[in-house]
Amino acid sequence: MPTPRAQEAVTVSVFAQRFSATRRGARLARRLGTHRLDLWQVPYGSPASDTVTLVVAELAANAVLHGRVPGSDFELRLTYDRTAGLVRVEVSDTHPGHPELPESAAQASVDADGGRGLFLVEAVADRWGVDGRTGPGKTVWAECAVHAPDGPCPIRP
């Protein structure tokens, strides 16, 4: 009889969901993302939850407003690595254009209705970027350090 092997604790959790490329879909992505964080013991209203929720809201809004292709959805993927104390937010859409951060906040007009979302993501996330994906479109991602309850301080990338 083989000797039983101890199993390692699962330290990475993943949530993935597709949403309609509408304002309602973006709002639902934000709400479900916040709920999922709470289930992962990143409490609602905590600084870590608020930071990740802001990133989800901005990236989902960009997918709806700038990455929308009629008839296509966008996908939200959250990955929580408890050991590293890191939440990775990925939003994928089918639009081929890649977002660009203006060189300065002055280029994002003060009177404009938008144009500041990526500045917010850059300000609160530890890292962010854009990757290609299988099929058309791209994935915009951001990583946020969080402190796991009863765990070590997050490892900064």
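Values in this text are rule-based calculations from the coordinates and carry no lab data. Just so you know, these numbers come straight off a predicted model, no measurement behind them. Neighbour counts run over all protein chains shown; Cβ positions are idealised from the backbone, glycine included.
Sort the following peptides by mean Cβ neighbour count (other Cβ atoms within 10 Å, averaged over residues), highest first: 44-56, 11-23, 79-91.
Averaged packing, sorted descending, gives the order 79-91, 44-56, 11-23.
How much length would be gained if the chain were fully extended between Asp50 and Thr79, taking 0.36 nm per residue of separation minus their Cα-Cα distance, in nm to one decimal?
Contour length minus the Cα-Cα distance gives 8.8 nm.
Can you tell me the length gained on complete extension of the stretch Arg31 to Ala16, counting 0.36 nm per residue apart and subtracting the Cα distance?
On the way: separation 15, 0.36 × 15 = 5.40 nm, distance 1.34 nm.
Between Arg31 and Ala16, full extension yields an extra 4.1 nm.
Can you tell me the relative contact order of the stretch 14-55? Whole percent, Cα pairs under 8 Å, sequence separation 6 or more. Display every interim value, and only then the final one.
Working: 22 pairs, mean separation 10.9, N = 42.
It rounds to 26 percent for the stretch 14-55.
Between Asp126 and Gln41, what is the spin-label point distance in nm, taking each point 7 Å from the Cα along the Cα→C-beta axis?
Using points 7 Å along Cα→Cβ, the separation is 1.8 nm.
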